[in-house]
Amino acid sequence: MSWDVYIEIFGKIESAEALSDLAKAAAVQGGTDWTASLEGADDAAAVILAAAGEGDSFALMCNEATSLFKEVTAACRAHGLSYVLHAGECGGEGYDHMESWEPGMADPYEGPYDGNDPMVGLTDLKEAMQKGIDIRGLVEDLERRTLAYVTERRIEVAPEVRPELMASAPKA
C-alpha cells in the first residue's frame, strides 16, 4: 500500500548530530512540496535551517510513500523533536491516520483521523463512561497525546549547532 504522508516537525535541535540525522532521514523520505524531493542531506539541512530562521516548523511530504516516514520519526524521537504526521491512502481524499510524539511520551500516539480531528470510537467512549471517566478528561487526554494543544510549532536550532556544523563540513 502506498500513502500520501505529511509530517510537521518542531522543537529544538541541540546538536549537529541531531540536525545531520534528521536531514539524512528527510532526504531519502520526502520533499518540501508534493512534487519535489530534497537533493540530499545538505539540501535537507539547509531547508531545516531556513525554517528555523523564519520561525516555522519543518514540514516534509511525499506522494506514494511506501512507509510512514519511519526513519524521520525515529530521528525525531532519538533527538527529542516533536512531530505530528498525517497519512492517507494514495489517491484517496484527505488523511485518515495520524501519529504524534513529543519528549516525555513513552510511545507515539497513533489513531484514526478524519482530516480535521482525531477520531474516538464509540467503543472507547462507552468504556470511558463505564469506568466513570469524565468525557472532558478523555478529550483533554486526546488533545495532549495528539499535540493539538501546541499552536506554535517551530523548529529551532541551538546557537552552538551552526559553528559545530561548519567545523564538521568538508573543506573545499
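The values are calculated or read from the model by the stated rules, or taken from the named source; none is laboratory data. Please read all numbers here as calculations on a predicted model, not as lab measurements. Quick reminder, even Gly has a Cβ in these numbers, built from the backbone with ideal geometry, and neighbours come from all protein chains shown.
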Can you find a residue in region 39-51 that is part of a helix (DSSP H, G or I), at pLDDT 95 or above and of a type in the set (Asp, Glu)? no
Of the conditions (1) more than 25 Å from Arg145 (Cα to Cα); (2) outside any loop (DSSP other than H, G, I, E, B); (3) small (Gly, Ala, Ser), Ala36 fails just one. Which one is it? (2)
With criteria (1) closer than 27 Å to Ala25 by Cα; (2) part of a loop (DSSP other than H, G, I, E, B); (3) touching a helix residue (DSSP H, G or I) at 6+ places or on another chain (Cβ under 9 Å), Leu85 comes up short on (2)
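Tell me the residue from Glu93, Glu71, Glu99 that is buried (at least 18 other Cβ atoms within 10 Å of the Cβ) and either assigned to a loop (DSSP other than H, G, I, E, B) or modelled with pLDDT of 85 or more (or both), please. Before the answer, list the steps.
Working: Glu93 fails: buried (at least 18 other Cβ atoms within 10 Å of the Cβ); Glu71 fails: buried (at least 18 other Cβ atoms within 10 Å of the Cβ).
Of the residues listed, the single one that is buried (at least 18 other Cβ atoms within 10 Å of the Cβ) and either assigned to a loop (DSSP other than H, G, I, E, B) or modelled with pLDDT of 85 or more (or both) is Glu99.
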Can Asp4 be described as within 20 Å of Trp101 (Cα to Cα), in a loop (DSSP other than H, G, I, E, B) and acidic (Asp, Glu)? no
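Only one residue in Ala167, Ala78 is of a type in the set (A, V, I, L, M, F, W, C), more than 11 Å from the chain's Cα centre (by Cα) and modelled with pLDDT of 90 or more. Which one? Outline the logic, then answer.
Working: Ala167 fails: modelled with pLDDT of 90 or more.
Selected residue: Ala78, the only one of Ala167, Ala78 that is of a type in the set (A, V, I, L, M, F, W, C), more than 11 Å from the chain's Cα centre (by Cα) and modelled with pLDDT of 90 or more.
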All positions within region 1-40 that are loosely packed, with under 15 Cβ neighbours inside 10 Å, out of contact with any strand residue (DSSP E or B) (no Cβ under 9 Å at 6 or more places or on another chain) and not hydrophobic (A, V, I, L, M, F, W, C): Glu39, Gly40
Please state which of the following conditions Val150 fails to meet, knowing it meets all the rest: (1) among the hydrophobic types (A, V, I, L, M, F, W, C); (2) within 16 Å of the chain's Cα centre (by Cα); (3) closer than 23 Å to Ala18 by Cα; (4) at pLDDT 85 or above. (4)
Determine, yes or no, whether Glu140 is assigned to a helix (DSSP H, G or I), out of contact with any helix residue (DSSP H, G or I) (no Cβ under 6 Å at 6 or more places or on another chain) and under 30 Å from Glu14 (Cα atoms). yes
